[in-house]
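The values are calculated or read from the model by the stated rules, or taken from the named source; none is laboratory data. None of the values given here were measured: they were computed from a predicted structure. Note that we place each Cβ from the backbone using ideal geometry, even for glycine, and neighbour counts take in every protein chain shown. We work out accessible area using only protein heavy atoms, side chains counted, and drop any ligands, DNA or RNA first. Shrake-Rupley method; radii C 1.70, N 1.55, O 1.52, S 1.80 Å.
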Amino acid sequence: MTKIRIGVIGAGLIGRKHLRKLAEHGDYELAGIADVNAEQVAAEQPGARVFADYRKLLDEARPEAVIIASPNQLHAENGIACARAGIHILIEKPVTDSLETAAGLIAEVRKAGIRSLVGHHRRHHTQAKALKALLGEGRIGDVVGVSAIWATHKPADYFKAAPWRSQAGGGPILINLIHEIDFLRFAVGEIVAVEAIAANRQRGFAVEDTAAALLEFENGALGTFFLSDCAVTPWTMEQGLGEAPEFPFSGQSSYRLMGRRGTIEFPSLDQWTQEGGAQDWNKPIQAQANHAASIDPYVVQLDHFRDVVRGVTPSLQPVEDGARSLLVTLAIAEAATARRRVDLRERYAALGQGE
Ligand SMILES: NC(=O)c1ccc[n+]([C@@H]2O[C@H](COP(=O)([O-])OP(=O)(O)OC[C@H]3O[C@@H](n4cnc5c(N)ncnc54)[C@H](O)[C@@H]3O)[C@@H](O)[C@H]2O)c1
């Protein structure tokens, strides 16, 4: 089968990771790269066609598909240009920088009929798929609630390197929590309302360093989420899964999913139930292990995108769905500022996704 000719817009931190994975992948052929730092990128990527203007990549190299790994503010513009040129897109998270630009992108993607995949790579982990399947087959009965943590200590250099990270919008809600929200939507179900509080007392930046959110799911489950980028803990999904060497493996579960008949921890997938499916606090509870192999989610994401581009499988996350994860995350930031519950149902409809 012929290889997919693919372009990459933005060869920064994640763009370079995609380029490394593409170089090792047998089903893709690099058509070219677009980055405003064209000279530096050309020096780093010998043999690749590098364009300073992404429109030239689309017009001259004519890729069949593109990975959009540019800064958030450019995602919509890049994605719309690809749609108008009939080019399929793997677009990094967050899908765009606002709900308005997301609605514009969704409209153009639909009009052009191109295929899209949002880069929430955690959905591709075997453990995430296994959890969804275990919940789906009723291993723990109806899900009653979720207790989740994402807490780690970002070093001082992280903020020195990019001053926008200590300003509004650069905090852990929009950068880190969006991944967790997307994972919860994928595994547990749609989120229909949120409440939250946030604080900046530890670092004293304009942006939050710690937050706590309450989640209401469409299926009736409730959730609590504790988030902090200034606490030393083993409880982030990155550490628990060991998905990248820069976040040393802890193997600890940061999620507890509790149901009428038992509990599953994630990512360990340890399951707690009572004998014979009992639901009785006077009866002993025992653990059972579930196995799911560890994989490289960025490679599996590329495998999936190949099949999406070829029309073999529907996208695990088209732009419409990526916009929903953005919507929930923005609502948590809003709820923390306004100190009130935010109902999301009408907002989903306003995204142009009314049923
Ligand atoms: N899925 C993940 O694991 C993951 C991880 C990190 C970042 N991201 C997302 O990927 C995107 C990029 O993040 P990053 O950390 O790689 O940022 P980065 O700043 O390291 O890289 C962005 C790149 O885009 C280039 N660029 C800027 N303007 C451009 C333009 N007009 N045309 C072409 N290129 C342009 C920059 O020169 C830079 O090389 C963001 O949306 C981010 O949220 C996803």
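Principal-axis analysis of the Cα atoms of the chain puts helix 178-187 at an angle of about 60° to the longest axis.
Taking 0.36 nm per residue of sequence separation and removing the Cα-Cα distance, the Ile295/Thr313 pair yields an extension gain of 4.5 nm. Normalised per residue, the accessible area of segment 4-114 is 45 Å², obtained with a 1.4 Å probe and no contribution from ligands, DNA or RNA.
Placing R0 at 35 angstrom, the Cβ-Cβ distance between Asp142 and Ala48 gives a FRET efficiency of 0.10 after rounding to 0.05.
Summarising the strand pairing of the chain, around 55 percent of its internal DSSP beta bridges are antiparallel. Helical runs (DSSP H, four residues minimum) scored at -39500 (n - 2.57) apiece and divided by the length of the chain put the mean residue ellipticity at 222 nm at -9000 deg cm²/dmol. Our summary gives the chain a relative contact order of 18 percent, counting only alpha carbon pairs under 8 angstrom and 6 or more residues apart.
The long axis of helix 99-112 is offset from the longest Cα principal axis of the chain by roughly 60 degrees. Can you tell me the 0 to 90 degree angle between the C-alpha axis of helix 297-309 and the longest principal axis of the chain, rounded to 10? Taking the Cα atoms of the chain, the angle to 297-309 is about 60 degrees.
For the chain, give the percent of accessible area contributed by carbon and sulfur heavy atoms, probe 1.4 Å, rounded to a whole number. So the carbon and sulfur contribution to the accessible surface is 52 percent. Distance between the pseudo-spin-label points of Gln202 and Arg55 (7 Å out from Cα toward the beta carbon): 4.5 nm.
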